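A short worksheet on the structure shown next.
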Amino acid sequence: MKTILIGWELGANRGHAVKLGAIAARLRARGCGIVFAVQRPDALRAVRAEAERSVILQAPVWPGLLNTGGFRPLPGHVSYGDLVADMGMRDSGVVEYMIRAWDSLLALEKPAAIVAEFAPALLMAARGRVRTVATGTGFTVPPSTLDHFPLLDERFRKPGYGEDTLLKIVNRAAERTGRAGYDRLPQIATADTSMPAVFRELDPYAEVRAESPIAPFLGSPPAPRDPSGEEIFVYLGEVTPPDSPLIGAIGALARQGHRVCAYLPLLDPEKQAELTAAGAQLSPEPVPFADIARRSRIAVTNGGLGLASSALASGLPLAVLPTDLEKILNGRALERAGTGRSIAIKDAGRPKTADEIAGAIADAAGDAALARRAAELAPEFRKRLERNPADAVAETVMELAQSGK
């Protein structure tokens, strides 16, 4: 039985675990043993059936993910290089020991092949030693063929960290761990096969990517939105603090008489009680997308790819309250498509109030043109979901595992 290691380093929502669980199920059906090496083992409860049949290991952790890691990020990332630099790649010692930690795990488990999901250090460790498939969103699987990582935010003219400097840092770590160096920084994303799972309209590298993306990981194609739905559905990630105006906006919408249903993982009980008293309905568990599409006129999200992709395929308009660069890009893409609104949470540097955010959401919810355009485009997006991406990844992994190093 071949062992396949599935590694995940960066990214913070449950969609990562759901994606990895789907891939694991397809690989197990092909006779493989599965080792999960992930940044948050507890996230695998979202795929409990697969996790309980697998080996589960803690992946090496980038210090930028830790509150005590000592890495103060820039005010905003404008390139993939900036993101990984803030996670720790601006220190050659961090890169070196992330690679060494992965080397130890790979020596322990001896996988025949690797699935790397937003796992740059794993790709560096495995390069030339174990066959790899890189998958994830368009944002997390940048093309390795580029001369440099492009700026993804047009408001900035240069990256926060110079790529020449980062390249020297990475190459020092490569030398210390007995590896060949890189000629260009984007080569750190090199895999035997790259399989970004994204609609082209949501891929920030669409114009420069050579490989064709596979479909996003949505399980089964979502049903079309029911046009009679009246709810405003809200899903905000675990990183949303309880005193955020985004949380206050939910209460403001409910007090204005809107029907609001929300899934807010890890929200403290006091805030839950406050929102419930305002009239919002809070779900203790993730809400199936079929229910969201049936009951809602709009969904409010931070802009994660999973919900954005499901919304495009079902014809559900989105209001995006982005909290990082990837989600800013997704919000802008939905605006270009005419199926969503990107709502800034700051105005000229001033944080918006809960009432201001609620007003913008209510305005988007009442926009008939937004709903009409979303419904028009949905059939084409659903058509692109005919092949399950987990099957595509699993078939590629098996081919690599059988071919050897």
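The values are calculated or read from the model by the stated rules, or taken from the named source; none is laboratory data. Keep in mind the model is a prediction, meaning the values are calculated, not measured. A quick note on method: Cβ atoms are made from the backbone with ideal geometry, for glycine too, and the neighbour counts reach across all protein chains shown. These area figures cover heavy atoms from the full protein model, side chains too; ligands, DNA and RNA do not enter into them. Shrake-Rupley method; radii C 1.70, N 1.55, O 1.52, S 1.80 Å.
Below is a table of values for the structure above.
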| read-out | value |
| --- | --- |
| Region 299-405 - Rg (one decimal) and Dmax (whole number), Cα, Å | 17.7, 59 |
| In degrees, nearest ten, helix 305-314 long axis to first principal axis of the chain (Cα) | 50 |
| The chain: radius of gyration and largest Cα-Cα distance (Dmax), Å | 21.2, 64 |
| Between 0 and 90°, nearest 10: helix 325-337 axis offset from the chain longest Cα axis | 50 |
| Whole-number accessible area per residue in Å² for region 110-198, which is evaluated in the context of all protein chains at 1.4 Å | 41 |
| Value in Å of the Kirkwood radius, where region 275-325 supplies the Cα pairs that are averaged | 12.1 |
| Region 224-338, accessible area per residue, ligands and nucleic acids excluded (1.4 Å, Å²) | 39 |
| Region 1-154, accessible surface, carbon-and-sulfur percent (1.4 angstrom probe) | 53 |
| For region 103-144, projected area of the alpha-carbon convex hull averaged over all directions, nm² | 2.9 |
| Calculated from backbone phi, Karplus (6.51, -1.76, 1.60) coupling profile of region 37-49 in Hz, x at Gly/Pro | 10, 10, 5, 10, x, 5, 5, 6, 5, 5, 10, 3, 4 |
| Estimated inter-spin distance, residue 353 and residue 230, nm [label 7 Å along Cα→Cβ] | 2.8 |
| Theoretical FRET efficiency, 1/(1+(r/R0)^6), r = Cβ-Cβ of residue 148 and residue 223, R0 56 Å, to 0.05 | 0.85 |
| Length-normalised contact order for the chain - Cα pairs under 8 Å, 6+ apart - percent | 16 |
| Between helix 245-255 and the chain: long-axis angle, C-alpha atoms, 0 to 90°, nearest 10 | 30 |
| In Å², nearest 10: area of residue 211 left accessible to a 1.4 Å probe | 60 |
| Bridge type composition, the chain - antiparallel percent by DSSP, nearest 5 | 5 |
| Nearest-10 value in Å² for the accessible area of residue 207, using the 1.4 Å probe | 150 |
| When the convex hull of its Cα atoms is projected in every direction, mean area for region 5-67 (nm²) | 3.9 |
| Net length gained if the chain between residue 193 and residue 155 were fully extended (0.36 nm per residue, minus Cα distance) | 10.4 nm |
| Compactness of region 1-153, expressed as Rg and Dmax over alpha-carbon positions, Å | 15.3, 47 |
| Linear extension gain, residue 180 paired with residue 367, 0.36 nm per residue minus alpha-carbon span | 61.8 nm |
| Convex hull volume per residue in cubic angstrom - Cα atoms of region 106-215 | 107 |
| In order through region 174-191: 3J(HN,Hα) via Karplus (6.51 cos²θ - 1.76 cosθ + 1.60), integer Hz, x for Gly, Pro | 4, 4, 5, 9, x, 10, 6, x, 10, 8, 9, 4, x, 5, 5, 8, 5, 9 |
| Helix-derived mean residue ellipticity, 222 nm - over the chain, DSSP H n ≥ 4, -39500 (n - 2.57), to 500 | -12000 deg cm²/dmol |
| Of all accessible heavy-atom area on region 305-385, the percent that carbon and sulfur account for (1.4 Å) | 52 |
| Residues with amide H under 5 Å from that of residue 132, placed H, sequence gap 5 or more | 114, 192, 193 |
| Difference of contour (0.36 nm per residue) and Cα-Cα distance, residue 294 to residue 337 | 13.3 nm |
| Percent antiparallel among DSSP beta bridges (both partners in region 298-405, rounded to 5) | 25 |
| Local electrostatic count at residue 93 - Lys and Arg +1, Asp and Glu -1, tallied over other residues with Cβ under 11 Å | +2 |
| Nonlocal amide H pairs with residue 319, under 5 Å, H built at 1.01 Å | 299, 300, 301, 341 |
| Average Cα contact separation per residue, region 153-235, under 8 Å, 6 or more apart, as relative contact order % | 18 |
| Amide H within-cut-off set for residue 262, under 5 Å, with H built and near neighbours excluded | 234, 281, 282, 283 |
| Calculated from backbone phi, Karplus (6.51, -1.76, 1.60) coupling profile of region 390-397 in Hz, x at Gly/Pro | 5, 5, 4, 5, 4, 4, 5, 4 |
